[in-house]
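Enquirer: First, the structure itself, so that you have it in front of you.
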Protein chains: 2
Amino acid sequence: MVRRADGEARVSDNGRDAAAWIAVDWGTSRLRAWGLSVENDVLWREAADIGSRRLRHDDFEPALLSFLAARLGPGRTLVLVAGTAGAREGWSESPYRRLPCPPLGPPGQLGAVPAPTRDARLDVHILPGLAQAEPPDVMRGEEVQIAGFLSLNPGFDGVICLPGSHSKWALISAGEVVGCAGALTGELYAALCDHTVLRHVTATGEGTAAWDGPAFKDGLGEGMASPDKLLARLFALRAEGVLGLRAPGEARAWLSGLLIGAELAALRGYWLGQNLAVLGAAPLAGRYTAALTAQGAAPIEADGEAMALRGLIAAHARLAPH
Amino acid sequence: MVRRADGEARVSDNGRDAAAWIAVDWGTSRLRAWGLSVENDVLWREAADIGSRRLRHDDFEPALLSFLAARLGPGRTLVLVAGTAGAREGWSESPYRRLPCPPLGPPGQLGAVPAPTRDARLDVHILPGLAQAEPPDVMRGEEVQIAGFLSLNPGFDGVICLPGSHSKWALISAGEVVGCAGALTGELYAALCDHTVLRHVTATGEGTAAWDGPAFKDGLGEGMASPDKLLARLFALRAEGVLGLRAPGEARAWLSGLLIGAELAALRGYWLGQNLAVLGAAPLAGRYTAALTAQGAAPIEADGEAMALRGLIAAHARLAPH
């Protein structure tokens, strides 16, 4: 900041104070970045729908540069990245750590790999994901949210649910992730709404701000009761739209409920009778919490973005000096 | 045809002999047309990947004109259309006939509606689909295949399976369609391969000509045994790809098997213990036949395109002179 002659603070010409380092959570559908001071105070926060799924290897650096244009200082800045930017199809592949293990590696063994950059201002390191051999499962990005949550709840044993494009359920014991399972729920929902005949019935709900709670609950109940009928139920939704049996606006909520219900049914063994936490963003996390609560569970809910930032800060503290 | 001086037949300048009428099966993903003589001999056949899902109301006539450019005579030609071109989002909505009913209406009550055209050479009529109120279901195009099949097998009682973008199962009794159920299997398969993270694992099989039969059978078994685990199993396929547990080329076949297995499980009540026929195109119809056969059923298989043409000819014979 620069003081003006009249004493008012103003933003300097080159943007804001340069961050000591930058934390990035780069997921399938969204990119979030925080500029942090040496004391890990948040100087700024940016978010955009620049998901890794839209990018090829060579697109990541230009995307980040254009996203952070006004935020970079003239010198070299450490950028610590978690998420699918570290996938094989991402910016630069970072290896998986194998379960069971703590969500972050210990100091000096964090496993972050440097990503190739052309711009001398960027010093990018990408955190590893976690992998389970049997049954096969992987996560990238969720592990920093889990680390952030466990830093606040160090004694937590139970199951953490992380809704999203790829929902994730992680079994936690004694500070370690001992098992995980995923579901394609969010991405399937988007693909059905955008790229199948269901777009004709779900599109009628777009632009209507209100979420149809009863329709969601109805779909949820059907998904939980008959997850084995999913393929037939999806076409029936189209038929209901054609025959005027679904009021405009309710189909999206009903479909969301159906898929979340089918996910809960498919992964019932993961959450039934467990100590539960849901990490995510409103309104989706709230829907999972409500669905689990309706099943007699008592999940605690925490903001996924806040947990990701805490986890990235914890990871940064373990990064070997370089 | 025009005879040349040397006696050789040649194609006339304006293409071929003009058809007396044109039969069109215009589905979600594909358009097929046949030029027919007064005696219903096939003069020509055309097919293209101009599915109705890619078109808006005003696109249908230009698409058909460009598709049939060389086939139209100078006069007005009757074009009889079945399929999703008659849907609300299609060329012109033709109403549904309600089950139970024969697959085609009787002469004079066929229910075909004229579609608006600008080109005076086109006289387009679109056949109605069939609808079931409870549970809600609809079909458009399948009914002409069913009519064609029943014209060859007038005594058939049982269930007709029509695989495709939207699979359809129709319960036939005494020449009537008395019930039907659909599944979004084909379109879901395409959306998963093209618009979700599964593209990374399924794309490895593209361009490899061979179909991985054992992988298909493996996925089929899993889909039939655990249709309620579908959402989790879809993400596990991604994880298997990431961890190198799926050999290139096998993921597409496995996924196809998984979804068809889940469809058969969802609609088990439709086919178990029934007299069965599968109408469709190789290789998909063959996969359904093999899957049903593995379950102890003994389906007969017929070519869906040939059945559609027979059904359209039967419909044409019932069309009121105009």
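Bear in mind that the values in this text are calculations on the coordinates, not laboratory data. Because the structure is a prediction, the values reported are computed rather than measured. FYI the Cβ positions are ideal-geometry reconstructions off the backbone, even for glycines, and counts take in every protein chain you see.
Enquirer: Extending each Cα 7 Å along its Cβ direction at B:Ala133 and B:Ala120, get the distance between those two points in nm, one decimal.
Expert: Here the answer is 4.6 nm between the modelled labels.
Enquirer: Counting GluC sites (Glu not before Pro) as exposed when in a DSSP loop with at most 14 other beta carbons within 10 Å, what is the longest stretch of chain B free of them?
Expert: B:40-205
Enquirer: Between A:Ala225 and A:Thr293, with labels modelled 7 Å along Cα→Cβ, what's the label distance in nm to one decimal, could you check?
Expert: Label at A:Ala225, label at A:Thr293, 2.3 nm between them.
Enquirer: Related question: Along the Cα→Cβ direction, 7 angstrom out, place labels at B:Asp194 and A:Leu243. What is the inter-label distance in nm?
Expert: Using points 7 Å along Cα→Cβ, the separation is 2.8 nm.
Enquirer: Follow-up. ³J(HN,Hα) across region A:190-197 via Karplus (A = 6.51, B = -1.76, C = 1.60, θ = phi - 60°), whole Hz, x for Gly/Pro?
Expert: So the J values, rounded to whole Hz, are 5, 5, 5, 5, 9, 10, 9, 4.
Enquirer: Ok, one more. Inter-copy label distances at A:Pro74, 7 Å along the Cα→beta-carbon direction, one decimal in nm, shortest first?
Expert: Listed shortest first, these distances are 8.1 nm.
Enquirer: Suppose every K and R has +1 on its Cβ and every D and E has -1 on its Cβ; what is the size of the dipole of region B:109-253 about the Cα centre, in Debye to the nearest 20?
Expert: Using only the charged Cβ atoms, the result is roughly 360 debye.
Enquirer: With springs only between Cα atoms under 10 Å, which of B:Ala302, B:Ala174, B:Ala265 fluctuates most in a Gaussian network model of chain B?
Expert: B:Ala174
Enquirer: Between helix A:230-242 and chain A, what is the angle of the helix's C-alpha long axis to the longest principal axis, kept within 0 to 90° and rounded to the nearest 10?
Expert: Compared with the principal axis, the helix lies near 80 degrees.
Enquirer: Is the shape of region B:102-206 rounded, prolate or oblate, going by the alpha carbon gyration tensor and its root eigenvalues a ≥ b ≥ c, with a/c under 1.5 for rounded and a/b larger than b/c for prolate?
Expert: Working: a/c = 2.45, a/b = 1.38, b/c = 1.78.
Oblate is the answer for region B:102-206, as a/c is 1.5 or above yet b/c matches or exceeds a/b.
Enquirer: Quick one: among A:Gly244, A:Gly304, A:Gly175, which has the greatest mean-square fluctuation in a GNM of chain A with alpha-carbon springs under 10 angstrom?
Expert: Maximum fluctuation in the GNM of chain A, among the listed residues, is at A:Gly244.
Enquirer: Near the amide H of A:Cys101, under 5 Å away, which other amide H atoms are found, from residues 5 or more places off or on another chain, if H is placed in the peptide plane?
Expert: A:Val177
Enquirer: Which whole-number percent gives the relative contact order of chain A, counting Cα pairs below 8 Å spaced six or more residues apart? Before the final figure, lay out each step's value.
Expert: Numbers: 644 pairs, mean separation 51.1, N = 322.
Once normalised by length, the contact order is 16 percent.
Enquirer: Still on this structure, I have one more. What residue among A:Leu171, A:Leu245, A:Leu31 shows peak mean-square fluctuation when chain A is described by a Gaussian network model with Cα springs under 10 Å?
Expert: Most flexible of the set in this elastic network: A:Leu245.
Enquirer: Residue by residue through B:261-270, how many Cβ atoms from other chains fall within 10 Å of the Cβ on average? Mind dumping the intermediate values first?
Expert: Values: counts 1, 6, 4, 1, 5, 10, 3, 2, 0, 1.
Counting Cβ atoms of other protein chains within 10 Å of each residue's Cβ and averaging gives 3.
Enquirer: Next question. Can you show me the helix-derived [θ] at 222 nm for chain B, built from DSSP H runs with n ≥ 4 at -39,500 (n - 2.57) apiece and divided by the number of residues, rounded to the nearest 500. Intermediate results must be reported in sequence, preceding the final value.
Expert: Working: 10 runs with 108 residues, N = 322.
One gets -10000 deg cm²/dmol as the mean residue ellipticity at 222 nm.
Enquirer: Let me ask you something else. Report, in debye and to the nearest 20, how large the dipole of region B:227-266 comes out about its Cα centre when Lys and Arg carry +1 and Asp and Glu carry -1 on their Cβ. If you can, show how the numbers build up before the last one.
Expert: Details: 5 positive and 4 negative charges, 22 e Å.
Charge dipole, region B:227-266, about its Cα centre: 100 debye, nearest 20.
Enquirer: In whole angstrom, note down how far apart the Cα centers of region A:251-314 and region B:225-297 are.
Expert: 29 Å
Enquirer: Just for chain A, what percent of DSSP beta bridges are antiparallel, to the closest 5?
Expert: Numbers: 32 of 53 bridges.
Percent antiparallel among DSSP bridges in chain A is about 60.
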